[in-house]
Every structure is written in C-alpha cells, then in structure tokens.
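Single-structure report; data block below.
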Amino acid sequence: MRYLGLLWAVLVGMGLTVQVGMNATASRALKSPLWASVASFVIGLCALAVVAALTQAVPPRASFSGAPVWAWFGGALGAAYVASTIVLGPMLGATSMSALVVAGQLAAALIVDHFGLLGFPEQSVTIARLTGAALLVAGAALVVRP
C-alpha cells in the first residue's frame, strides 16, 4: 500500500507541472493570470463536487465548527500557488519553477515535521533529512543556473 502512495505522490507532482502549462495557456487566452486562476478553481470545484457527491455523504453542518479557523484558509494558499505558477511558469520555465517550488516545500516540511505543526506527527530534523534537503537545494541551484 505504501508503494501505491509513493507512486500517487509522483503522479500528483507530474500533474502539477502539466497544470501550470494548462493554466498559463488559459492565462494567455484570457490575458489575465488571475482570471485563469479563477477558471481553474471553478472547474476544480465542479470536478471535486461531482466526485464528492458520488463517493461521500455531505458532512453535517455542525462538523464545520470542529476545525480551527486557520484550517479553512488552505484554499487561499492553493489560489496563491496557482496564480503564482501561472506567472512564474512562463517566466522561469517548468524545470526551474518546479525545482524552486519543491525546495520551498521541503524547507517548510522540515519545519512543520520537526515541530509537529498543523496536525502532522512530530519527526525530528536529522542529519539524513538535512543532507537530503541540501542535495535538493543544490539540485535546484544547478537547474536554475543559466
């Protein structure tokens, strides 16, 4: 089962790169990265609503108060990511943008894991993890280098 999760994560990462190209194309057509982001989220919302309606019951209204207020703002970070990649993808290229985004994700993940923030289990920063992060940052630097 773990291998299926690993494969899924790789496929999601591949999908993100493809999504950037699709959204950048929509941005050129609409002449607006923000409206392309809106279109992306509207279509994504519709797709998720269909899948959720077909596979899960609607949660009771009272369950929405069970999460802290900050938990509901993850969508704003998703919107910032989509809008930013629409601008950055054509500017930096898919490889450089992806390398830098992954480096940023890994830096945040090390902090989140180390302190057990946002509901993640606490996992200390180790020499192996720092070495892996350093290698990824070095890889990003090589990819971004002209």
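Each value in this text was obtained by applying a stated rule to the coordinates, not by laboratory testing. Just so you know, these numbers come straight off a predicted model, no measurement behind them. All Cβ positions, glycine included, derive from the backbone under ideal geometry; neighbour counts span all protein chains shown.
Normalise the Debye intensity by I(0) for the range 93-146, one equal point scatterer per Cα, no solvent, then take log10 at q = 0.18, 0.23, 0.25 Å⁻¹ and round to two decimals.
-0.61, -0.82, -0.90
Between F115 and A80, what is the label-point separation in nm under the 7 Å Cα-to-beta-carbon projection?
1.6 nm
Using the charge dipole of the chain (Lys, Arg: +1 at Cβ; Asp, Glu: -1 at Cβ; taken about the Cα centre), state which of T85, V125, V58 has its Cα farthest towards the positive end.
Projecting each Cα onto the dipole axis, the largest value belongs to T85.
Go ahead and set up a Gaussian network model of the chain, Cα springs under 10 Å, then flag whichever of R129, R61, R28 fluctuates most.
Evaluated over the chain, the most mobile residue of the options is R61.
Taking a quarter of the surface of the Cα convex hull of the chain, what do you get in nm²? Please report the intermediate quantities before stating the final value.
Working: hull surface 44.9 nm².
Mean orientational projected area (the chain, Cα hull): 11.2 nm².
T17 to A128: FRET efficiency via 1/(1 + (r/R0)^6), r the Cβ-Cβ distance, R0 22 Å, to the nearest 0.05?
Working: r = 27 Å, r/R0 = 1.23.
In this case the efficiency is close to 0.20.
Below 8 Å, C-alpha to C-alpha, sequence gap of six or more: please give me the relative contact order for the chain in percent.
Numbers: 77 pairs, mean separation 32.3, N = 146.
This gives 22 percent for the chain.
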